[in-house]
Amino acid sequence: MTQILVFGTSTEWGAWDAQGGWVDRLKQHCNQLHLKAPEQYYVVYNLGVSGDTSRELSVRIREEFRARKDPAEKNIILISIGGNDAAYFPKKNKCLVPLEEYKLNLTKILTTAQRIADKVYCLDLEPVDDERMNPCSWRKEICYQDSIVREYNTALLETCARMKVKIIPSYEAWRKENWKLLLHDRLHPNSKGHELTFNTVRKFLEGEKIL
């Protein structure tokens with residue numbers, strides 16, 4: 001058996017997809033693999049929490065992993081974090097989690113993950129439609145700017161490279177598409193966006209010989 005634990009935010013939780021989001025699509029795919037070949041057995045845990053930043057994830061990752069870990073089985077951690085960190089407060093001229101703190105938190109998260117899991121991978125950050133998210137429609141005091149998200153994504157890539165954590169190239173996959181059509185509310189993916197991310201993750205895991 002292989003355990004796949006996905007840590008992330010509202011996108012991993014499944015906002016806004018009728019099929020539950022890309023993580024649930026991955027779970028359904030793994031179930032289908034098992035039904036076709038019973039010797040292939042996977043357990044996929046969706047540990048996405050809406051609104052989470054690197055601060056919250058750095059605190060919860062160890063205990064949530066321990067609560068689900070089967071020591072007799074291979075375990076994989078997938079991490080997607082940083083989009084909420086990059087939320088910008090124009091009146092305060094600062095982000096929800098400053099960039100330097102994000103780097104430190106991400107280092108802590110990856111260090112913990114590498115110590116407790118057999119393999120660790122990160123998804124890079126998907127773009128946002130800042131023309132429609134300035135301000136955010138459901139939280140007027142913040143906005144999301146694609147240029148800021150890019151800065152946090154660069155920090156993520158640099159940190160992962162330094163710590164030898166492979167990147168699942170979600171950002172690259174989205175940029176190859178007319179990505180604004182893949183967003184439901186200019187921030188979260190719609191069903192087509194979730195499908196694209198799922199296929200990106202699936203192909204990557206197949207290349208890693210995990211699926």
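The values are calculated or read from the model by the stated rules, or taken from the named source; none is laboratory data. Given the structure is predicted, the values throughout are model-derived calculations rather than measurements. No Cβ is skipped: glycine too gets one built from the backbone with ideal geometry, and neighbour counts run over all protein chains shown.
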In the set Leu187, Leu123, the lone residue that is modelled with pLDDT of 95 or more and closer than 30 Å to Phe65 by Cβ is Leu123
Flag if Lys92 is basic (Lys, Arg), out of contact with any helix residue (DSSP H, G or I) (no Cβ under 7 Å at 6 or more places or on another chain) and either assigned to a loop (DSSP other than H, G, I, E, B) or on the phi > 0 side of the Ramachandran plot (or both) | yes
Filtering segment 39-65 down to residues that are assigned to a loop (DSSP other than H, G, I, E, B), at negative phi and of a type outside the set (Val, Ile, Thr), which residue is surrounded by the fewest Cβ atoms within 10 Å (Cβ to Cβ)?
-> Glu39
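For segment 81-99, check the following and say yes or no: at least one residue is acidic (Asp, Glu) and more than 17 Å from the chain's Cα centre (by Cα).
Our first condition is that a residue be acidic (Asp, Glu); within segment 81-99, this holds for 85.
From the residues that got through so far, the ones that are more than 17 Å from the chain's Cα centre (by Cα) too are none.
So far as segment 81-99 goes, no, none of its residues is acidic (Asp, Glu) and more than 17 Å from the chain's Cα centre (by Cα).
Scan Asp17, Asp85 and give me the residue that is of a type outside the set (Phe, Trp, Tyr), buried (at least 20 other Cβ atoms within 10 Å of the Cβ) and under 25 Å from Glu141 (Cα atoms).
Values: Asp17 fails: under 25 Å from Glu141 (Cα atoms).
Checking each option against the conditions leaves just Asp85.
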Considering segment 24-38, residues that are without any contact (Cβ under 8 Å) to a residue 60 or more places away in the chain and in a helix (DSSP H, G or I), and then whichever is farthest from Arg55 (Cα to Cα), we arrive at Lys36
Where residues in segment 71-82 are in a loop (DSSP other than H, G, I, E, B) and aliphatic (A, V, I, L, M), which of them is surrounded by the fewest Cβ atoms within 10 Å (Cβ to Cβ)?
-> Ala72
Residues (touching a residue at least 24 places away in the same chain (Cβ under 8 Å) and charged (D, E, K, R)) located in segment 72-100 | Glu73, Lys74, Asp85, Lys91
Quick check, is Thr2 over 25 Å from Asn190 (Cβ atoms) and either surrounded by 15 or more Cβ atoms within 10 Å (Cβ to Cβ) or of a type in the set (A, V, I, L, M) (or both)?
-> yes
